[in-house]
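Asker: For reference, the structure I am asking about is given below.
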Amino acid sequence: MPGIRQFSGNVFPLNRENVDTDQIIPKQFLKKIDRQGFGKFLFYHWRFNDNGMKNEDFPLNDEKYQGASILVGGNNFGCGSSREHAPWALLDYGFQVVIAPSFADIFYNNCMKNGILPIRLSHSSVEVLLENATNTNYELSVDLEEQVVSDEEGFHSSFEIDPYWKQMLMNGWDEITITLSYDDQIKQYELLR
Amino acid sequence: MRPRNIVEKLWDDHVVYQENGKPDLLYIDLHLVHEVTSPQAFEGLRLKNRVVRKPELTFATMDHNVPTDNREVIEDQVAQTQMTKLQENCTEFGIELADIHHPDQGIVHVIGPELGLTQPGKTIVCGDSHTSTHGAFGALAFGIGTSEVEHVLATQTLWQSKPKTLQIEVDGTLGFGVTAKDLILAIIAKFGVGVGAGYVIEFTGEAIRKLSMEERMTVCNMSIEAGARAGIISPDEITFDYLKGKRHVPEGDDFQKAITKWKQLTSDEGASHDLTLKLSGSEVEPQVTWGTNPSMGISISQAVPAPHHYDKKSEQEAVQRALDYMGLEEGTRIDEVPIDYVFIGSCTNSRLSDLKAAAEVVKGKKVQSGVTALVVPGSQSVKIQAEKEGLHEIFVEAGFQWRESGCSMCLAMNNDIVPPGKRCASTSNRNFEGRQGNGARTHLVSPVMAAAAAITGKFTDVRKLMTVYQ
C-alpha cells in the first residue's frame, strides 16, 4: 500500500447526513471474491436510474466533479454495514480522502486499512468546504504530516488523528507484519490464560 | 482498585500489549466468519504465506447469500462461488464450518449463542456489524472489516483504542404488547443514529434486567444502529440459565466455576461511564419506522412527521428525501399505511421466542390478500424446534411462506427481494434506501407488529388484536 503524506485534489461535495455503506456500495455487488473493480458500483443507485442510465441529478455525474479525489460529506458518514467494499469502491473510483464532521467507527477503521485518509473537521469547516465546492471546481490540499487541510483562498483547518494510524498511513505499512513482530507477547498472553 | 464497568474489565483482561501513543493490542477469543466478508481476507493470507493462528477459536457459516427456498440447486452462480470459496478456505486453513446443508447452519449471530460459542467475558469479532448482538451475554463483541478479519485470522489480535462507554439506563417495565424491538427502536428514535459513535453502550436498568436472553440479543443487535460498535449487558442468572447445557459451554463443576468468574464481570458499584442517558420502559409504545434510517421512527399511534418539524436545514432535506423515497405524505397516520410484504426474520428477530410471539398473533387468522409474507427462521435449529412446536403449521395455514434459515430479505442478497416501490413490514434492523431491494420501502417493526400487519394489511397496533382475540 503506498503511503500518503501530502495530497491535493478536487472536492466532490455530498451534502447528506448519515450516508450508509448500503448507499456507498449496494449489496448486489458484494459477491465478488477479490478487492478490485468496485469503483464502477460506487453510489450505484444514486448515480444510475433504474434503466441503467446516468441520473443527471446526482452531482457526482456532473462534469465538473469528474476526477474529484476528496469527498466531503455530512455527519455519521459510512454508517451501517461493516462492508469494506465501501472504502474499496471509494478508492477504486479515485477518492483518496474523505472529510466529514463525524464518521461511523467501523467505516473509519476500514478507510485507514486501505490507505484512504478519513478526516474529521468541525461542522462549520465542513459547511465552508461544502459551499466552496458547490457548483464549482474546488481544490483542497491535505498535509497529513502537519495535520492540516487548506486551500489557496485562505481556508486552513487542523485535524486530529491517532498518532499510530498517522504513522501507518504515512508509511503505507502492512499492519499484520507489524503485529507478527509481537508474536512473543501474544504467545505469553496465550500461555497465561 | 477504582470501580470499573464491565467494558473496562473486559478490556483489561484482553490487553496483550500496551504502549504509550499506540492503540492496545487486544486478544480475540472468538472469531466468527461468513461467506461475504472473508474471501479477500483468506486470499490475503495466501498471498503472504500466512496461516490461521488459532483455527480452534474460529468458526464459520454461510448465511448472507444462501437461498431460503430450494437449497439443492443454487441458481445464483456468483453466490455459489462465494460459498464454494468459503468451503475451500475452511478446509485449507482448518476452520470448522457449518455449511448450507449442515444442521448447525444459520445466521452467524443466531448460531453463536445457540452453540454456546458466545459466552460472558469473551472478546468476539466477525466481519459483520451486527456482531454487537453477542454483547447480550456480557461479551465485548463488535463488527470488523475484511482487513481486520485477515488481521485476526493471522494474529488472533486487533489494535484497538479503548472505547468510551455510554450507559443507557431503562427503568420500569415494558408494557403489554411492547417488545425489546420496540425498546431499541424507541432508543434510537430518541437519541439518534450517531449517539453511540466512539462508545460501547452498556444497557442497564430494571427493564433490561427483566428481558430474556433472546430479547437482550435484539437490543444489543441494534446498538450499531445507534452508532455504537458494541452493546453490552452484564450477565446474570438469566444469562447463566440460557447457557447451561449449550454445546460449547463447560459442564458440571466447570460450569459452576465459570459462573463464579462471569459474575465478577458485572460493573462494580460506583463504576462510571463517559455518558449516561435514561429512558423509562413504561413510556415505550409499539414502534414503526417511517423513513430511511432507523432513527426515523414513531409510535403506532403517531403520524409521519413533516420536514418543518425539524430545526436544521440538513435534517429538513433528509426528511423530505426520506418521505419521497418512502412514498409517504407528511401527516399521514402510520396505522393507515397499507403494506405489500411482511418479513419475519434476520439476526434481530428470528429466534424461537420471536416466531412464537408472531405465531400467537397469527393463529387462526389469514394473511390479508395481496400481502406476501415470509417467515425465515434464524437457524436450522430454530426451524426444527419451531416445527416441533407446530409453529410452521400456524404460519402456513395463515398464508405465510415458511423458509430455510439465512439472512434472506434483511439485505436481499439472495432471491428474497422486495420489488421496487413495494412496502414491507420487516423485523430486520435497517431501513436504508434499497436495503431489501432496489426501490423497496422498509418499515422496521417487532415480530408481533409484523404479524399484525400481515393479518390486517396495514400497520396495526398489535395490542388491539391481542385484546380482541384474547
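Asker: Answer yes if at least one residue in region B:166-179 is within 14 Å of chain A (Cβ to nearest Cβ) and touching a strand residue (DSSP E or B) at 6+ places or on another chain (Cβ under 6 Å), and no otherwise. If you could, list the steps in order and put the result at the bottom.
Answerer: The first filter runs over region B:166-179 and keeps only residues within 14 Å of chain A (Cβ to nearest Cβ), leaving B:166.
Subset that is touching a strand residue (DSSP E or B) at 6+ places or on another chain (Cβ under 6 Å): B:166.
Looking for residues that are within 14 Å of chain A (Cβ to nearest Cβ) and touching a strand residue (DSSP E or B) at 6+ places or on another chain (Cβ under 6 Å), one finds at least one in region B:166-179, hence yes.
Asker: Filtering region B:112-142 down to residues that are within 13 Å of another protein chain (Cβ to nearest Cβ) and within 23 Å of A:Tyr189 (Cα to Cα), which residue is surrounded by the most Cβ atoms within 10 Å (Cβ to Cβ)?
Answerer: For region B:112-142, the residue satisfying everything is B:Ala141.
Asker: Looking at (1) in contact with a helix residue (DSSP H, G or I) (Cβ under 6 Å, 6 or more places away or on another chain); (2) surrounded by 19 or more Cβ atoms within 10 Å (Cβ to Cβ), which is the only condition B:Ile259 fails?
Answerer: Just one mismatch for B:Ile259, condition (2).
Asker: Turning to a different aspect of this structure: Can you go through A:Arg35, A:Arg47 and tell me which one is facing another protein chain (nearest Cβ under 7 Å) and over 20 Å from B:Gly194 (Cα atoms)? Can you show your working first?
Answerer: Numbers: A:Arg47 fails: facing another protein chain (nearest Cβ under 7 Å).
Going through A:Arg35, A:Arg47 in turn, the sole match is A:Arg35.
Asker: Consider only pairs whose beta carbons are under 7 Å apart and that are at least six residues apart or on different chains; among these, list those whose first residue lies in region B:195-218 and is within 14 Å of another protein chain (Cβ to nearest Cβ) and whose second residue is assigned to a helix (DSSP H, G or I).
Answerer: B:Val195/B:Ala226; B:Gly196/B:Ser223; B:Gly196/B:Ala226; B:Ala197/A:Asp105; B:Gly198/A:Asp105; B:Val200/B:Val7; B:Ile201/B:Ser223; B:Ile201/B:Ala226
Asker: Residue by residue through region A:137-175, note down the ones that are within 12 Å of another protein chain (Cβ to nearest Cβ) and either polar (S, T, N, Q) or in a strand (DSSP E or B) (or both).
Answerer: If the condition is that a residue be within 12 Å of another protein chain (Cβ to nearest Cβ) and either polar (S, T, N, Q) or in a strand (DSSP E or B) (or both), then A:Gln167 is the only one that fits.
Asker: So how many residues does region B:130-174 have that are touching a helix residue (DSSP H, G or I) at 6+ places or on another chain (Cβ under 8 Å) and basic (Lys, Arg)?
Answerer: Matching residues across region B:130-174 total 1.
Asker: Can you work out which of the residues in region A:16-32 that are in contact with a helix residue (DSSP H, G or I) (Cβ under 6 Å, 6 or more places away or on another chain) and facing another protein chain (nearest Cβ under 7 Å) is surrounded by the most Cβ atoms within 10 Å (Cβ to Cβ)? Give the derivation first.
Answerer: Filtering region A:16-32 for residues in contact with a helix residue (DSSP H, G or I) (Cβ under 6 Å, 6 or more places away or on another chain) gives A:17, A:21, A:24-26, A:29-31.
From what's left, facing another protein chain (nearest Cβ under 7 Å): A:17, A:26, A:30-31.
Numbers: A:Glu17: 21, A:Pro26: 26, A:Leu30: 23, A:Lys31: 19.
Here the answer is A:Pro26.
Asker: Got at least one residue in region B:83-98 being under 29 Å from A:Ala104 (Cβ atoms), outside any strand (DSSP E or B) and within 9 Å of chain A (Cβ to nearest Cβ)?
Answerer: So the first thing to find is which residues in region B:83-98 are under 29 Å from A:Ala104 (Cβ atoms), and the list is B:83, B:85-86, B:89, B:95.
Keeping just the survivors that are outside any strand (DSSP E or B) gives B:83, B:85-86, B:89, B:95.
Subset that is within 9 Å of chain A (Cβ to nearest Cβ): B:85.
Yes, region B:83-98 contains at least one residue that is under 29 Å from A:Ala104 (Cβ atoms), outside any strand (DSSP E or B) and within 9 Å of chain A (Cβ to nearest Cβ).
Asker: Can you tell me how many residues in region A:144-160 are of a type in the set (D, E, K, R) and either touching a Gly at 6+ places or on another chain (Cβ under 8 Å) or closer than 17 Å to A:Val72 by Cβ (or both)?
Answerer: 3
Asker: If I ask for residues that are among the polar types (S, T, N, Q) and closer than 25 Å to B:Glu360 by Cα, which ones from region B:434-453 would you list? Give the derivation first.
Answerer: Let us first name the residues in region B:434-453 that are among the polar types (S, T, N, Q), namely B:436, B:438, B:442, B:446.
Within region B:434-453, B:Thr442, B:Ser446 meet the criteria.
Asker: How about region A:144-157: which of its residues are touching a strand residue (DSSP E or B) at 6+ places or on another chain (Cβ under 7 Å) and surrounded by 12 or more Cβ atoms within 10 Å (Cβ to Cβ)?
Answerer: Scanning region A:144-157 gives A:Leu144, A:Gln147, A:Val148, A:Val149, A:Ser150, A:Asp151, A:Ser157.
Asker: Go through (1) within 9 Å of another protein chain (Cβ to nearest Cβ); (2) assigned to a helix (DSSP H, G or I) for B:Asp182 and report which single condition fails.
Answerer: Going through (1) within 9 Å of another protein chain (Cβ to nearest Cβ); (2) assigned to a helix (DSSP H, G or I) one by one, B:Asp182 breaks only (1).
Asker: Quick one: in region B:191-233, of everything that is within 16 Å of the chain's Cα centre (by Cα) and of a type in the set (Ser, Thr, Tyr), which residue is farthest from B:Gly135 (Cα to Cα)?
Answerer: B:Ser212
Asker: Moving on to the next point. Being in a helix (DSSP H, G or I) and within 14 Å of another protein chain (Cβ to nearest Cβ) is the filter here, so list the residues in region B:223-257 that pass it. Walk me through how you get there before you give the answer.
Answerer: Within region B:223-257, the first condition is being in a helix (DSSP H, G or I), and the residues that meet it are B:223-226, B:237-243, B:252-257.
B:Ser223, B:Ile224, B:Glu225, B:Ala226, listed by residue number.
Asker: Let me ask you something else. When you check B:Ala136 against the structure, is it part of a helix (DSSP H, G or I), within 19 Å of B:His14 (Cβ to Cβ) and touching a residue at least 40 places away in the same chain (Cβ under 8 Å), yes or no?
Answerer: yes
Asker: While we're here: Take the residues in region A:77-131 that are at the interface with chain B (Cβ under 7 Å from one of its Cβ atoms), touching a strand residue (DSSP E or B) at 6+ places or on another chain (Cβ under 9 Å) and not in a helix (DSSP H, G or I); name whichever of them is nearest to A:Thr179 (Cα to Cα).
Answerer: Step by step, filter region A:77-131, then rank; the result is A:Ser82.
Asker: Of all residues in region B:382-433, how many are assigned to a helix (DSSP H, G or I), farther than 13 Å from B:Leu355 by Cα and touching a residue at least 40 places away in the same chain (Cβ under 8 Å)?
Answerer: Qualifying residue count, region B:382-433: 4.
Asker: Taking region B:316-363 as the region of interest, how many residues are charged (D, E, K, R), in contact with a helix residue (DSSP H, G or I) (Cβ under 7 Å, 6 or more places away or on another chain), closer than 19 Å to B:Val178 by Cβ and surrounded by fewer than 24 Cβ atoms within 10 Å (Cβ to Cβ)?
Answerer: At the first step, the residues of region B:316-363 found to be charged (D, E, K, R) are B:317, B:321, B:324, B:329-330, B:333, B:335-336, B:340, B:351, B:354, B:356, B:360, B:363.
Subset that is in contact with a helix residue (DSSP H, G or I) (Cβ under 7 Å, 6 or more places away or on another chain): B:330, B:351, B:354, B:356, B:363.
Cutting the leftovers down to closer than 19 Å to B:Val178 by Cβ gives us B:351, B:354, B:356.
Applying the additional criterion that residues be surrounded by fewer than 24 Cβ atoms within 10 Å (Cβ to Cβ) yields B:356.
Residues in region B:316-363 being charged (D, E, K, R), in contact with a helix residue (DSSP H, G or I) (Cβ under 7 Å, 6 or more places away or on another chain), closer than 19 Å to B:Val178 by Cβ and surrounded by fewer than 24 Cβ atoms within 10 Å (Cβ to Cβ): 1 in total.
Asker: Only one of (1) on the phi > 0 side of the Ramachandran plot; (2) touching a helix residue (DSSP H, G or I) at 6+ places or on another chain (Cβ under 9 Å); (3) within 14 Å of chain A (Cβ to nearest Cβ); (4) not basic (Lys, Arg) is not met by B:Gly421, so which one is it?
Answerer: In the conditions (1) on the phi > 0 side of the Ramachandran plot; (2) touching a helix residue (DSSP H, G or I) at 6+ places or on another chain (Cβ under 9 Å); (3) within 14 Å of chain A (Cβ to nearest Cβ); (4) not basic (Lys, Arg), B:Gly421 misses (2) alone.
Asker: Does any residue of region B:144-160 turn out to be under 12 Å from B:Phe203 (Cα atoms) and modelled with pLDDT of 95 or more?
Answerer: Going through region B:144-160, the residues under 12 Å from B:Phe203 (Cα atoms) turn out to be none.
No, every residue in region B:144-160 fails to be under 12 Å from B:Phe203 (Cα atoms) and modelled with pLDDT of 95 or more.
Asker: Still on this structure: Sort out which residues of region B:441-470 are in contact with a Cys (Cβ under 8 Å, 6 or more places away or on another chain) and more than 19 Å from B:Cys347 (Cβ to Cβ), and write them in order of number.
Answerer: Going through region B:441-470, the residues in contact with a Cys (Cβ under 8 Å, 6 or more places away or on another chain) turn out to be B:441-443.
Hit for region B:441-470 is B:Arg441, nothing else.
The values are calculated or read from the model by the stated rules, or taken from the named source; none is laboratory data. Please read all numbers here as calculations on a predicted model, not as lab measurements. In this analysis, Cβ positions are derived from the backbone assuming ideal geometry, glycine residues included, and neighbour counts consider all displayed protein chains.
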